[in-house]
1. Take region 327-342 and flag every residue that is at pLDDT below 95 and touching a strand residue (DSSP E or B) at 6+ places or on another chain (Cβ under 7 Å).
2. For residues in region 216-228 being over 9 Å from the mean Cα position of the chain (by Cα) and buried (at least 20 other Cβ atoms within 10 Å of the Cβ), which is nearest to residue 79 (Cα to Cα)?
3. Which of the residues belonging to region 179-210 are surrounded by 15 or more Cβ atoms within 10 Å (Cβ to Cβ) and in contact (Cβ under 8 Å) with a residue 24 or more places away in the chain?
4. Anything in region 108-137 that is surrounded by 12 or more Cβ atoms within 10 Å (Cβ to Cβ), at pLDDT below 95 and within 21 Å of residue 71 (Cβ to Cβ)? List them, or say none.
5. Select from region 120-146 the residues that are in contact with a strand residue (DSSP E or B) (Cβ under 7 Å, 6 or more places away or on another chain) and free of Cβ contacts under 8 Å to residues at least 24 places away in the same chain and list them in ascending order.
6. Return yes or no: is residue 157 modelled with pLDDT under 95 and closer than 25 Å to residue 241 by Cα?
7. I need the full set of residues from region 74-112 which are in a strand (DSSP E or B), over 19 Å from residue 337 (Cα atoms) and touching a residue at least 12 places away in the same chain (Cβ under 8 Å), in order please.
8. Tell me whether region 331-344 contains one or more residues that are surrounded by 15 or more Cβ atoms within 10 Å (Cβ to Cβ) and over 28 Å from residue 203 (Cβ atoms).
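The values are calculated or read from the model by the stated rules, or taken from the named source; none is laboratory data. Keep in mind it's a predicted model, so treat the numbers as computed, not measured. Because the Cβ atoms are built from the backbone with ideal geometry, glycine has one as well, and the counts that use them run over all protein chains shown.
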């Protein structure tokens with residue numbers, strides 16, 4: 001009889017060769033296997049959407065190692081055309097560009113599948129133009145912010161106020177903590193409404209709302225599948241977003257469009273997003289508050305994700321028509337936004 005220690009020694013070269021063979025296969029080759037392999041568990045076999053030969057299921061999971069820092073660039077370009085319901089059908093248009101550079105890393109290993117990330121907006125660039133008589137440009141690395149303008153104030157609230165954001169095992173944001181934001185909230189609660197203009201006081205609170213924090217700091221966007229999938233499948237995820245201060249929510253349907261040079265490209269759509277009825281808003285050009293009446297919106301997504309589990313970029317394109325209650329005249333806004341989150345670099349800290 002062969003001694004177990006000798007058996008392991010004899011098998012070690014064979015196991016090493018097998019491991020190297022598996023590593024040499026690309027994920028595309030592994031995904032495209034249509035015949036179950038020897039030793040594959042029954043639970044790993046599923047039937048394709050076409051009902052054909054069993055296929056190997058796989059998962060797309062975002063990989064983060066403790067201490068590895070990621071720098072992302074967040075770009076949001078919004079164009080608005082507004083038409084008032086006044087006797088002259090007065091029109092207004094404006095454009096806003098916001099660019100943020102975010103540092104993101106996981107200080108500790110996950111607990112019970114939950115991952116907590118340190119995320120901070122290190123710097124920003126802001127540009128606003130109403131194409132008539134008002135143009136604002138701000139670069140945080142060289143300019144001093146004029147927080148007297150509501151547009152700029154609204155865009156700077158979260159800068160250099162770090163947040164610890166926690167994700168569920170399925171990629172959903174389930175909570176966050178921030179000492180800096182807690183300090184600011186306490187300051188505002190301690191008589192802030194008596195010293196700040198009403199619009200400014202509202203904007204400080206509104207831009208510390210969880211929906212705004214998630215919009216700017218959640219680079220993953222909850223678009224990856226939460227379970228195993230097969231090559232020809234699609235999946236749905238709940239999505240929320242905020243553009244021009246307006247909250248949108250609904251479902252996104254996504255699928256893998258192609259795999260090329262180690263990059264998965266995932267595409268998806270939200271054909272019908274919901275707005276929050278009666279949402280209180282600051283909107284450019286109004287000295288008083290406005291409220292969402294009704295509207296419709298749709299969004300498209302492109303996600304690029306490499307085979308090592310690193311998110312490369314997410315593109316979101318939103319189109320919306322929003323009916324807004326305001327005084328003295330209500331108005332309709334046609335809103336388009338191009339939003340891109342892209343990885344600029346990563347390194348071990």
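1. Of everything in region 327-342, just one residue is at pLDDT below 95 and touching a strand residue (DSSP E or B) at 6+ places or on another chain (Cβ under 7 Å), namely 329.
2. So, considering only residues that are over 9 Å from the mean Cα position of the chain (by Cα) and buried (at least 20 other Cβ atoms within 10 Å of the Cβ), the one nearest to residue 79 (Cα to Cα) is 224.
3. 181, 184, 199, 200, 202, 203, 204, 206, 207, 208
4. 115
5. 135, 136, 137, 138, 139, 140, 141, 145
6. no
7. Listed by number, the residues that qualify are 84, 102, 103, 104, 105.
8. Yes: one or more hits.
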